[in-house]
Amino acid sequence: MARRSGQIVSIAAHEVCEKDHFEMVYGLDEKLNHIPCLTDRGAVIGYYAVAKLKDGGHSFEFMSKQQIDEIMRNTQSKGGYGPWKDHPVEMGRKTVIRRLAKYLPLSIEFQTASALDAMAEGGKDQHLDDIDGDFLVMADDAPQLEQQQTGIDTKDIQQSLESAKNLDELAEAADWIRSVESEEERARLNKIYTEREAALKQ
């Protein structure tokens, strides 16, 4: 899904342990160098994710273990059960990838999947079993009617896109674009999404 945008060549995440050689520099000349210790690496002290872009550039994000633990405590399980307890390193990697993804040129599907994943971890209803639309009950022997386009109010979608306060809200609003039947309207809404995404990343 990350590569679907056409701008991402690869994306990966790793844990950093206290005995690893790890060098990270932010600023105008960003630098990331990680050489894992080949024997006992010690305790995990942080996580980083790095993405290779199509133009040859790179983007990376680092999160300390304390930052990851704070996010874990805000989940429904609070680390007491489930993947946060059974696979903490993998969950740390996933979390830092999700943080990096907010600043990458990724597809709407990726942003939506990331937002749904965050909702699931927080114990929020994703409304995946909801069926949205207008319905008409007809008798079995009623004559077949020509299909009518109920349509979705694109003004509501546009308003949600333009009023999104962060990338998670933007991804949730963008999920409705795929339900719009008109290709022209979808293109118009996708343009609004792209412009709003760029504004939120600044």
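The values are calculated or read from the model by the stated rules, or taken from the named source; none is laboratory data. Note that the structure is a prediction, hence the values are computed from the model and not measured. Neighbour counts run over all protein chains shown; Cβ positions are idealised from the backbone, glycine included.
Here are some notes:
- Taking each residue of segment 99-110 that is modelled with pLDDT of 80 or more and looking for partners that are assigned to a loop (DSSP other than H, G, I, E, B) and surrounded by fewer than 20 Cβ atoms within 10 Å (Cβ to Cβ) with beta-carbon atoms closer than 6 Å, six or more apart or interchain, yields nothing.
- Any hit, segment 74-82, residues being within 23 Å of L104 (Cα to Cα) and aromatic (F, W, Y): no
- Condition check for G46: within 14 Å of L100 (Cβ to Cβ) and loosely packed, with under 12 Cβ neighbours inside 10 Å: no
- Filter result for M91 (in a helix (DSSP H, G or I) and not assigned by TED's automatic domain parsing to the domain that holds D168): yes
- Here A187, A174 are screened, and the one residue that is surrounded by 18 or more Cβ atoms within 10 Å (Cβ to Cβ) and either at pLDDT 80 or above or of a type in the set (A, V, I, L, M, F, W, C) (or both) is A174.
- Test: residue in segment 19-37 that is outside any strand (DSSP E or B) and on the phi > 0 side of the Ramachandran plot: yes
- Residues that are out of contact with any Asp or Glu (no Cβ under 8 Å at 6 or more places or on another chain), surrounded by fewer than 19 Cβ atoms within 10 Å (Cβ to Cβ) and under 13 Å from H14 (Cα atoms) within segment 74-93 comprise P88, E90, listed in sequence order.
- Condition met for Q159 (at pLDDT below 85, surrounded by fewer than 16 Cβ atoms within 10 Å (Cβ to Cβ) and part of a loop (DSSP other than H, G, I, E, B)): no
- Picking from residues in segment 54-71 that are closer than 18 Å to V44 by Cβ and over 17 Å from the mean Cα position of the chain (by Cα), the one that is surrounded by the most Cβ atoms within 10 Å (Cβ to Cβ) is K65.
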